[in-house]
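*Asks:* Dropping the structure in here first, questions after.
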Amino acid sequence: MRALTIAGRRIADDEPCYVVAELGHNHGGSVDTALQLIGMTTRCGVDAVKLQCRTNDTLYSAALLHQSYEHESSYGRTYGEHRAALELSQGDLVTCFAAARGAGCAGFATAFDEHAADRLMGLHVPAFKIHSGGLTDRPLLQHVAAFGLPVLLSTGGGTLADIDRAVQWLGICPHAILHCTASYPLKSKEANLRVIHTLRQRFPETVIGFSSHSPGIAFSLIAYAFGARI
């Protein structure tokens, strides 16, 4: 039977859905706001809260970091200033993950690069999330797989061949594959939820999930009915 365990919580076809609250960078770089979001979502009964972790100086080119980025949703004059303003410190992450554990749920993050993965490993996260852009990032996937912790792999924009290669790179590392459509917000005509059936057939021993970019929970309910368990 396909199954995965994160922080003692078993995820399988015969279990309730494992619900992850995507906090992302909706905290705007404020640890106080992040803690408010964690409190709100954990009171809703989620199984985990997820943040994001990047190493801006090595993940992005100097040209991109110095590019002008002044508009109404920007947190800085340049893209580098914008990204830096949104990144929580190591101490902030400690505080957030402790708050999640105190509320009875898991706390982990998306590792956008190897240095970020090392930072998170130092915080004893119970799992890693890989963003859709990391689906073809062999060094990142192999680096994270070496830790041996569960990996949740998003597949937005990827082909089945891309997913096959990513699974090979993860090797024996426990993992789940999340159907994802790389559009924000998700439109109903682009959801392609029947891909969940395809992934379940193609990977019969692997937990399949759904990473939704849609407002509301309707798509997630249908995804669960189709066999998504995250």
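The values are calculated or read from the model by the stated rules, or taken from the named source; none is laboratory data. Please read these numbers as outputs of a predicted model, since none were measured by experiment. Counting neighbours? That spans all protein chains shown, and the Cβs are built from the backbone with ideal geometry, glycine included. Just so you know, the surface numbers come from the protein's heavy atoms only, side chains and all, with ligands and any DNA or RNA stripped out. Shrake-Rupley method; radii C 1.70, N 1.55, O 1.52, S 1.80 Å.
*Asks:* I need every pair where a residue in the stretch 159-175 that is among the basic types (Lys, Arg) has its Cβ under 8 Å from the Cβ of a residue that is open to solvent by 50 Å² or more (accessible area, probe 1.4 Å) and part of a helix (DSSP H, G or I), sequence separation at least 6 or different chains.
*Replies:* Filtered contacts from the stretch 159-175: 165/136; 165/138.
*Asks:* Within the group 135, 153, which residue is in a helix (DSSP H, G or I) and either under 25 Å from residue 98 (Cα atoms) or at pLDDT 95 or above (or both)?
*Replies:* 135
*Asks:* Can you name the condition, by its number, that residue 204 falls short on among (1) out of contact with any strand residue (DSSP E or B) (no Cβ under 9 Å at 6 or more places or on another chain); (2) at pLDDT 95 or above; (3) surrounded by 17 or more Cβ atoms within 10 Å (Cβ to Cβ)?
*Replies:* All conditions pass for residue 204, except number (3).
*Asks:* For the list (1) under 13 Å from the mean Cα position of the chain (by Cα); (2) surrounded by fewer than 23 Cβ atoms within 10 Å (Cβ to Cβ); (3) farther than 24 Å from residue 97 by Cα, I need the number of the one condition that residue 218 fails.
*Replies:* Here residue 218 clears every test but (1).
*Asks:* Let me ask something else about it. With the requirement that a residue be closer than 21 Å to residue 19 by Cβ and either without any contact (Cβ under 8 Å) to a residue 12 or more places away in the chain or outside any strand (DSSP E or B) (or both), what does the stretch 198-213 give you?
*Replies:* Within the stretch 198-213, 199, 200, 206, 212, 213 qualify.
*Asks:* Just checking, how many residues over the stretch 55-80 are in contact with a Gly (Cβ under 9 Å, 6 or more places away or on another chain), at pLDDT 90 or above and either open to solvent by 60 Å² or more (accessible area, probe 1.4 Å) or farther than 25 Å from residue 139 by Cα (or both)?
*Replies:* Going through the stretch 55-80 one residue at a time, the tally reaches 6.
*Asks:* Hey, another quick one. Of everything in the stretch 118-130 that's without any contact (Cβ under 8 Å) to a residue 60 or more places away in the chain and either under 21 Å from residue 30 (Cα atoms) or in a loop (DSSP other than H, G, I, E, B) (or both), which residue is most open to solvent (accessible area, probe 1.4 Å)?
*Replies:* 124
*Asks:* Could I ask something else about it? Restricting attention to the stretch 132-147, and to residues there that are open to solvent by less than 40 Å² (accessible area, probe 1.4 Å) and not β-branched (Val, Ile, Thr), which single residue is farthest from residue 90 (Cα to Cα)?
*Replies:* Taking the candidates together, the pick is 135.
*Asks:* Among the residues of the stretch 220-230, how many are in contact with a His (Cβ under 9 Å, 6 or more places away or on another chain) and assigned to a helix (DSSP H, G or I)?
*Replies:* 1
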